[in-house]
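Heads up, the thing below is written out as structure tokens.
A short reminder: the numbers here are calculations on the coordinates, not readings from a lab. Everything numeric here is computed off the predicted structure, so don't read it as measured data.
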Amino acid sequence: MNQRAMITVSVRWKLLLLCLFLLSGCTASTVENYPDRPITIICPWSVGGATDRTSRQLGVYLEQELGVPVNVINATGGRGVTGHSRGLNARPDGYTLAVITGELNMLHWQNLTKLTHQDAIPIVSLVDGAAAVFVKKDSP
């Protein structure tokens, strides 16, 4: 299986898990009616960036699976504080999803927000990526 096919399979499994999680909070009488209105994804970064593209692709998959519109809202500003705050303070109604990035914890330690990743309930990991800090080989 090539890498692109593996990524597609991985995304589909993550989407399935996300849908199951969304439905798990519904009672038997509401499961058959969920969702009955559009879903909103709050992205803390601007249009065109990697997080925005990931959020929009998630929206496409959710629309296909759930049959309702999925709107991505880019809540930018404050070095990510605006979007993360808006997402984590949204009403927990099953119709608002927040894309939380690793920057949230950095913003907390910079005293820009009291929020941390512990204020969120992770339901799916959309991106697995390594981060590292490098310096020039001959630097002091």
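Counted over segment 27-99 with a bin width of 5 Å, the fraction of Cα pairs per bin, in whole percents, is 3, 18, 24, 23, 17, 9, 5, 2, 0. Taking square-rooted eigenvalues a ≥ b ≥ c of the alpha carbon gyration tensor, is segment 76-140 rounded, prolate or oblate, where a/c under 1.5 means rounded and, failing that, a/b exceeding b/c means prolate? Here segment 76-140 falls in the prolate category. Amide H contacts of Ile42: Ile73, Leu97, Ala98, Val99, each under 5 Å away and 5 or more positions distant or on a separate chain (H built 1.01 Å from N in the peptide plane; Pro and chain starts excluded).
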